[in-house]
1. If you fit an axis through the alpha-carbon atoms of helix 275-287 and take the longest principal axis of the Cα set of the chain, what angle between them do you get, 0 to 90°, nearest 10?
2. At most 14 other Cβ atoms within 10 Å and a DSSP loop assignment: could you name the trypsin sites (Lys or Arg not before Pro) in segment 90-168 that fit?
3. Report the far tail of the P(r) of the chain, meaning the percent of Cα-Cα pairs longer than 39 Å.
4. Taking a probe of 1.4 Å, how large is the accessible area per residue of the chain, in Å²?
5. Between the helical axis of 2-12 and the dominant principal axis of the chain, each derived from Cα atoms, what acute angle in degrees is found, rounded to the nearest 10?
6. Could you derive backbone 3J(HN,Hα) for segment 49-64 from the dihedral phi with the Karplus parameters 6.51, -1.76 and 1.60 (θ = phi - 60°), listing whole Hz in sequence and x where the residue is Gly or Pro?
7. With contacts defined as alpha carbon pairs under 8 Å and 6 or more residues apart, what's the relative contact order of the chain in percent?
8. Given a cut-off of 28 Å, name the pairs among K202/K304; K249/K304; K78/K249; K209/K281; K78/K304 whose C-alpha atoms lie farther apart than that in the structure shown.
Amino acid sequence: MLLIFGACSSESTEEPDPVLDIYVYSPGKGTVTRSVSAPTAEEKRVHSLTLWVYKSNSDTQLGSLTLSAEQLESLNEKESGVYSIPVTSLFARNPEPVDVYVLANVSANNTGTMLDPTIADKTSLENALFNGGYYYGFVRGDGGYRAVTEISGEGLPMSGVVRGRSVTNVNAVLHVTDANLGLVRDVSKIRLVFSSLTGADKLYIDEVKLDGGMMYNSTYLFVNDEHPYFRVGENGTFNREVVLATALKDEEGYPQYVNSNGNPRQYAYESGMDESMYEAKITEGLEKKELTEAPTVYLPESDKRLTGTITYHFAGSPSEHHETQFMMLGGDFRRNQTWIVYVYYTGASRLDVSTVNVTKWQNGGQWDHEVHNW
């Protein structure tokens, strides 16, 4: 009895194995970001996630973790989670600043990159590339290139990183100071919206194309202090045109003309308008059947001000096709944003175009400040 009691007493005084807790927030978590462009369930869903922790002053990996199916389910339900990585007692007694990297929904099938959590060194992570061809480099039957409009079963690629954060030890549980790690999508999206004047010839959209040289052959998955907003690769630009939308079709597959209303200009963005209110106005117009929307387009980031061409015709002259140009005004195409391109016909000689970024970043994506995303 005394031996057993002594053993229990000894076990009760043992210190728990030290762990480092990492807090991760999905893109839908409102406490970390203020979303003015509500994401769909699939746009924010995390299908896979791996995180790595390194000492800031070296390539020494303290640990890594790949979430299980149960952990992923909980993260998607709660939109946040805390994950424990075992560390050595030596590190727990003398904690040093750390760098933490997280990749979600990243695989060889949707970015061209696959990193083994057990062998990935810090340099490999810093240099990990997103091959843009997986989102705009696939050849259509007619030889053209078409941007992605459907999210694959692996989800949208996401990343998050904090560097040089101090670590505190509270009862053998280590916490990273000021490092609520928020996932950010490594792509942005474009909403293409159309309308026409009631009583005018019915308007048909034939194609919307992005000019060549707007996208890069590769971008980096992780931003850094030198490139806090976007970090494009060094493999040059993709110099072919990219199709963003083809001819609109109805549910039965027949050509679909653009919905009309008495004043298409009412849905154009005006300088100084609140972006969240503007997107709500567009949504209202779609619900009222006064606007028509093409499938949403997803593209990797670019430091370019995107330009392209809209091809269209009218019911009264189906063989006579016209073109009008569009340009994204007021900024670049950095990651994790939503752009609305609104194209409308008022009975004039050509179409009018209004473009607006409805999710502007602030503070370079620092997670201890407010960041707007979708």
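1. For 275-287 against the chain, the angle is about 60 degrees.
2. Working: sites: R93, K122, R140, R146, R163, R165; in loops: R140.
For trypsin sites (Lys or Arg not before Pro) across segment 90-168 that sit outside H, G, I, E and B with at most 14 neighbouring Cβ atoms in 10 Å, the list reads R140.
3. On the way: 18399 of 69751 pairs.
Value for the chain: 26 percent of Cα pairs lie more than 39 Å apart.
4. On the way: 17420 Å² over 374 residues.
That works out to 47 Å² for each residue.
5. Helix 2-12 sits at roughly 40 degrees to that axis.
6. Coupling constants for segment 49-64: 7, 10, 10, 10, 10, 10, 5, 5, 8, 7, 8, 5, 7, 7, x, 8 Hz.
7. Values: 863 pairs, mean separation 74.2, N = 374.
Rounded, it is 20 percent for the chain.
8. Numbers: K202/K304 34 Å; K249/K304 30 Å; K78/K249 38 Å; K209/K281 25 Å; K78/K304 36 Å.
Check vs 28 Å cut-off fails for K202/K304; K249/K304; K78/K249; K78/K304.
The values are calculated or read from the model by the stated rules, or taken from the named source; none is laboratory data. In this text, all values refer to a predicted model and were calculated from it rather than measured experimentally. Counting neighbours? That spans all protein chains shown, and the Cβs are built from the backbone with ideal geometry, glycine included. SASA here: full protein model, heavy atoms, side chains in, ligands and nucleic acids out. Shrake-Rupley method; radii C 1.70, N 1.55, O 1.52, S 1.80 Å.
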